[in-house]
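Okay, structure first, notes after.
The values are calculated or read from the model by the stated rules, or taken from the named source; none is laboratory data. Every value quoted in this text rests on a predicted model; they were computed, and no experiment measured them. Here Cβ is always computed from backbone atoms with ideal geometry, including for glycine, and neighbour counts include all displayed protein chains. The protein model used for the area step is the full one, side chains on, heavy atoms only, and it has no ligands, DNA or RNA in it. Shrake-Rupley method; radii C 1.70, N 1.55, O 1.52, S 1.80 Å.
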Amino acid sequence: MLVRTHTCGQLRESDVGATVRLNGWVNSYRGHGTGLVFIDLRDRYGLTQLVFDGEDLPGDVMETADHLRNEDVVAVEGTVRVRTGGENPKLPTGKIEIEVSRLEVLNKTANPPFLPDDLAKLPNEELRLTHRYIDLRRPKMQKIMQARHRLAKVTRDYFHENGFLEVDTPILYKSTPEGAREFLVPSRNVPGGWYALPQSPQLFKQILMIAGCDRYIQLCRCFRDEDPRADRQAEFTQVDLEMSFVRREQVMEMMEGYIRRLWREMAGIDIPAMSRMTYRDAMERFGIDRPDTRYGLEIADISEIASRSEVAFFKDALARGAERPRFNSKRGVVKAIRVPGGAEKLTRKITDGYNEFARSFGAGGCAVVKVNAQGQFETGVAKFLEGVRGDLTAALGLTPGDTVLFVADEYAVCTKALGELRQKVARDMGVVPPPGAEGGPWNFLFVVDFPMFERNKETGRWVAMHHPFTAPRDDQAQTFVEASVDDEVTIESIVSAGYDIVLNGQEIAGGSIRIHDPKVQSKVFQLLGLTPQQAREKFSFLLEALSFGAPPHGGIAFGLDRLVMNFVGTDNIRDVIAFPKTQTGADLMTRAPSAATDEQLREVHVRSTWTPPAT
Ligand code: ASP
């Protein structure tokens, strides 16, 4: 083989006259049958033009060159010369070409199902994933892989400089409920025994703190068998870390430093100091714990004004749980969003859809009012609001041309419905910048002071808002320890030492200070409905470890895939993973998951209950 002396992105005018060898893929060809063949040869580093001249080359070489097609893999030897047909300013190698003297075909391709051409229309994703090796050859995908590599490197550099140790944690793990459904792996050696794939290395990293590791980092794979969603992958990567002897502030400071470094090195952007918002504030103003603050459309609680209106469903909602404390999820409230300029942009057809949309989040519906040129209300419930029009106008700062959207319901339902609606309205109004738009805006936010627990809607049980290992905020610990597990109002009011990092409405990281007292941990398990025996069965190793000298500790995990998405400007998570799965968890290239043979199942002591559907 003519082993390469240079890559296809390397040669310049200063190399003219040199004899070189290049290896790569045929990206394009011109001039077949004319006695002069031009080939653009491609590798990861770029494109170089090759010239085969029939006047100088033996007939058999010319014959082979004449039959080269896109994606054939070749090796050539030749001389670098100044381009005879004029330079191509778009290519770094655009001033030169190679006058080929020797050609070797390394692999003749079958007819490719598509070409790795960024300029051509993309084939459907199924085809791209089935032949991922062709798709990944596209320069755009090569750039994404390089960006991902760079991000991993900057991450390791930053944490290394700050004294973190990279430690691998097991993939074959113990089944420990942390929130999502797990992937199970049967054991051959222990009949009836099962491993689970880790949803995250949460407990291992905590145990590393107990083990004296002090500062841990890992770029780790996590597995969650969740229902398919466009922006999720069952298998994804986290930048996972943990620190000992820290309070929340120190973890947050370290994270801010990391984000600054990333954006500087990846995008040349200096991020201003990151702001903070409490969970309550986020829910009150944006109806969501990961607010997109790139646009306004804030939510206002207008319960007091609504109680003086003639709108019957406002009053019904307000009557619900009226005696409950201010943020209690079951208290009735009326909330509104002012949409400046909505009267024109949000057509009747669009706002009719909002009613249905609000219902899909459990609300009774969404009332719509438009403000006309005289400042009067029009449509829907307008006439029932007449008596409070002045107050509403003042409270919401209404001006002609606005649309106002109202939802009335229990606090939790109303907040959720309007939080979702706000994002939809923003899209309809065209005020959301595209993903990873050049130069931002990059609106980072620490969200803090989450409740420790919330009620699961289906089961009515308490669930941990972050995960069961999150500590109460320092000033809440005593109240938590003393609270009766039946004291719903107190339990709901306990604030955790958790924090999320939100970027333009996406949660890019989540973490907390952890419980390091086994008694507090046992109480959390009890509250989550685990009997002492179940807690011991599932978590004895953790409770035991916590009882043998556990330092206070805390950490966080970033979704690495999502971080990369921001730098390469895609909203498709599959674009930033070399071998992603489809939404149903299939790998189209290898055809996984696939059937196991009876023999394989017998070996791992498993019998399948699945029967193929009748055809
Ligand atoms: N293990 C958590 C998660 O995967 C992150 C953390 O609390 O550090 O969400």
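For this structure, a couple of remarks:
- Rg/Rh for the range 424-518 stands at 1.11; both radii use Cα atoms, and Rh follows the Kirkwood definition.
- Accessible-area value, residue 280, 1.4 Å probe, nucleic acids and ligands omitted, Å²: 70 Å²
- In units of the compact-protein estimate 2.2 N^0.38 Å, the range 75-177 shows a Cα radius of gyration of 1.70.
- Computed over the range 100-183: relative contact order in percent, which uses C-alpha pairs under 8 Å that are six or more apart: 18 percent
- Pairs of Cα atoms farther than 17 Å apart, the range 473-589, %: 70 percent
- Computed from the C-beta positions of residue 541 and residue 114 and an R0 of 45 Å, the FRET efficiency is 0.35 to the nearest 0.05.
- Calculated log₁₀ intensity ratio I(q)/I(0) where the Debye formula runs over C-alpha points of the range 529-615, q = 0.15 Å⁻¹: -0.97
- Extent along principal axes [Cα atoms of the range 1-83; Å; largest to smallest]: 31, 26, 24
- For the chain, the per residue solvent-accessible surface stands at 49 Å², with DNA, RNA and ligands left out and a 1.4 Å probe.
- The HN-Hα couplings worked out from phi for the range 236-245 by the Karplus form 6.51 cos²θ - 1.76 cosθ + 1.60 (θ = phi - 60°) are 9, 10, 10, 8, 10, 8, 8, 9, 9, 6 Hz, whole numbers, x standing for Gly and Pro.
- Using the alpha carbons alone, the radius of gyration of the chain stands to its Kirkwood radius in an Rg to Rh ratio of 1.06.
- Over the range 133-177, the ratio between the Cα radius of gyration and 2.2 N^0.38 Å evaluates to 1.73.
- Its Kirkwood hydrodynamic radius, worked out from the mean inverse distance over all distinct Cα pairs, puts the range 263-418 at 16.5 Å.
- Carbon and sulfur %, accessible surface of the chain computed with the full protein complex present, 1.4 Å: 51 percent
- Gyration tensor verdict on the range 329-409 (Cα atoms; rounded if a/c is under 1.5, prolate if a/b is larger than b/c, oblate otherwise): oblate
- Unit Cα scatterers, Debye sum, the range 182-284: log10 I(q)/I(0) for q = 0.14, 0.15, 0.16 Å⁻¹: -0.86, -0.95, -1.04
- Taking a ≥ b ≥ c as the square roots of the eigenvalues of the alpha-carbon gyration tensor, the range 56-113 is classed oblate because a/c is 1.5 or more while a/b is no larger than b/c.
- Estimated FRET transfer efficiency (residue 454, residue 253; beta-carbon r; R0 35 Å; 0.05): 0.80
- Full-extension gain in nm, residue 486 to residue 140, via 0.36 nm per residue minus C-alpha separation: 118.9 nm
- Stretch in the chain that is longest and holds no GluC sites (Glu not before Pro) that DSSP places in a loop and that have at most 10 other beta carbons within 10 Å: 56-322
- For the range 377-450, the Cα-based Rg and Dmax, in that order, read 16.4, 48 Å.
- Global form of the range 252-347, assessed from the alpha-carbon gyration tensor, a/c cut-off 1.5: oblate
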